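Right, one structure below, let's go through it.
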Amino acid sequence: MNPSWVVRTGRLVLQPVAVADLPELQALKADPRVFAVMLGGVRTPHHTAEELAEEIAFWGRYGVGIWVVRHRESGIFLGITGFMDRPDGLGIALRFAFVAGMHGHGYASEAAAAALLFAHERAGLSRVVAVARADNVGSRQVLGSIGMHECSAFDRAGVPMLIFESVRVG
């Protein structure tokens with residue numbers, strides 16, 4: 001792991017995903033309270049392992065990717081944030097998912113803001129998108145709080161989806 005890819009905020013440490021994180025990632029991605037509404041839905045342990053390999057390779061290609069998010073003082077696993085190349089051609093997209101018991105503490109906003117800043121300033125991405133279900137008020141609030149703006153919408157299997165973007169100017 002490249003040490004320059006580690007990000008610290010006031011309360012959090014974001015570290016690029018690694019093989020050692022697999023058990024925590026499997027638990028998070030198997031939880032329907034968290035992943036049922038995510039693109040691709042709840043994951044099996046095998047699918048999560050395959051995704052982890054892809055996510056590690058993504059870091060090597062783009063210098064940005066998915067981080068595990070831990071509490072800075074305790075080291076407790078809180079969730080994930082970071083980037084993926086959307087399969088629908090929308091571009092590099094911000095994602096975040098946090099352990100169900102950790103919602104409502106501002107961790108998603110803090111981590112997503114740090115990730116977005118990294119993407120623009122350190123990875124050189126001029127445009128980042130994010131997709132949220134129209135009825136997912138929590139995700140929409142996080143995206144708005146970090147400065148992303150709603151720019152478009154589409155329908156996925158009868159579910160209204162909103163596209164947000166952040167464009168680096170200058």
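Every number in this text was worked out from the coordinates using simple rules, so none of it is lab data. Predicted model, so just to flag it, every value in this text is computed and none were measured. Note: ideal-geometry Cβ built from the backbone for every residue, glycine included; neighbour counts use all protein chains shown.
A simple rule links phi to the HN-Hα coupling: the Karplus curve 6.51 cos²θ - 1.76 cosθ + 1.60 with θ = phi - 60°, which for region 75-82 gives x, 5, 5, 10, x, 9, 8, x Hz, with x for Gly and Pro.
In angstrom, the C-alpha Rg and Dmax of the chain are 14.9, 43.
Computed from the C-beta positions of Arg127 and Phe154, the FRET efficiency with R₀ = 22 Å rounds to 0.80. Taking every alpha-carbon pair under 8 Å whose residues sit at least 6 apart, the chain reaches a relative contact order of 17 percent. For the chain, a simple Cβ point-charge model (Lys and Arg +1, Asp and Glu -1, everything else neutral) yields a dipole of about 280 debye relative to the Cα centre. Taking the charge dipole of region 3-167 about its Cα centre, with +1 at Lys and Arg Cβ atoms and -1 at Asp and Glu Cβ atoms, the residue from Ala97, His71, Val142 reaching farthest to the positive side is His71.
Largest mean-square fluctuation among Phe83, Phe154, Phe118, in a Gaussian network model of the chain whose springs join Cα atoms under 10 Å apart, belongs to Phe154. Within the chain, the whole DSSP H helices whose Cα atoms reach 15 Å or more along their own axis and whose mean Kyte-Doolittle score is at least -0.5 are 107-121. For the chain, the residue among Ser109, Ala30, Gly41 whose Cα projects farthest onto the positive side of the dipole built from Cβ charges is Ser109. Seen from Glu54, the other residues with C-beta closer than 11 Å to its C-beta sum to a net charge of -3, counting Lys and Arg as +1 and Asp and Glu as -1.
Each Cα pair under 8 Å and six or more residues apart adds its sequence gap; the mean of these over the residue count of region 44-108 is a relative contact order of 20 percent. Comparing Val42, Val19, Val69 in a Gaussian network model of the chain, where Cα atoms under 10 Å apart are tied by springs, the biggest mean-square fluctuation is seen for Val19.
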